[in-house]
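FYI, it's all coordinate maths here, none of it is from the lab. Note that this is a predicted model, so its numbers are computed, not measured. Neighbour counts run over all protein chains shown; Cβ positions are idealised from the backbone, glycine included.
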Amino acid sequence: MRTTQYLSEILMELHPSAELISDEAAEALVNGILDSKKVFVAGAGRSGFMAKSFAMRMMHMGIKAHVIGETVTPGFEKEDILIIGSGSGETKSLVSMAEKAKNIGGTIAAVTIFPESTIGQLADIIVQLPGSPKDQSEGDYNTIQPMGSLFEQTLLLFYDAIILRFMEKKDLDTNKMYGKHANLE
């Protein structure tokens, strides 16, 4: 198969994802972020890269967004929200973060394939995304892609959709957001 044919296959796999995500859960996440003092995002591996891109766009909108593990990340407090993107919901370092955030009393949101996972059980807000875990013997969503690629792609697109919803709610457009873009590059 040609590379462009694989691209077409990937896009076909992604297309039905939107229909499988709860609007109510997505809106709960939007409102949870808007009601928070600070937003913290976390994910491991490629899910972590998706979280970083989400934090960057939130910063462009004027939201105080931070990536767990960065040297300039402030402390988590009761008025804050921690958003964890984890396909399995069982990544040990992310479970530990969720437990600490729960003990502090902040809000926890899980974006995962498995809402019944450890992180899902700790979460106040759960958004279930379709996808296959890295071990594709589990899950009910078939993909031609390796490991967790479908989940990670859906995660990025879901985060971008959340940004569009924020833009609508806060009456922002690209021009207003561009003023917060990095300018020392």
- [ ] State the answer as a single residue: which of THR3, THR174, VAL127 lies farthest towards the positive end of the charge dipole of the chain, with beta carbon charges of +1 for Lys and Arg and -1 for Asp and Glu, about the Cα centre.
- [x] THR174
Task: Neighbour-count order for ASP171, ASP80, fewest beta carbons within 10 angstrom listed first - done: ASP171, ASP80
Task: Gyration tensor verdict on the range 1-150 (Cα atoms; rounded if a/c is under 1.5, prolate if a/b is larger than b/c, oblate otherwise) - done: prolate
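Once whole DSSP H runs in the chain are found, which of them have Cα atoms spread over 20 Å or more along the helix axis and a mean Kyte-Doolittle score of at least 0.0?
149-169
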Task: In the range 36-134, trypsin sites (Lys or Arg not before Pro) in a DSSP loop with at most 11 other beta-carbon atoms within 10 Å - done: LYS37, LYS78
Open item on the list: Could you tell me the relative contact order of the chain? Use alpha-carbon pairs under 8 Å, at least six residues apart, and round to a whole percent.
Closed with: 22 percent
TODO: Determine the dipole magnitude for the chain: charges of +1 sit on the beta-carbon of Lys and Arg, -1 on that of Asp and Glu, nothing else is charged, the reference point is the Cα centre, and the result goes in debye to the nearest 20.
DONE: 700 debye
TODO: Please name which of LEU156, GLY87, HIS15 has its Cα lying farthest along the dipole of the chain towards the positive end, using unit charges on Cβ (Lys, Arg +1; Asp, Glu -1) and the Cα centre as origin.
DONE: LEU156
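Treat the count of other C-beta atoms within 10 Å as a stand-in for reagent exposure and order PHE151, PHE114 from fewest to most.
Listing PHE151, PHE114 from fewest to most nearby Cβ atoms yields PHE114, PHE151.
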- [ ] Would you mind calculating the gained length between ASP173 and ARG2 on full extension (0.36 nm times residue separation, minus the Cα-Cα distance), in nm to one decimal?
- [x] 57.8 nm
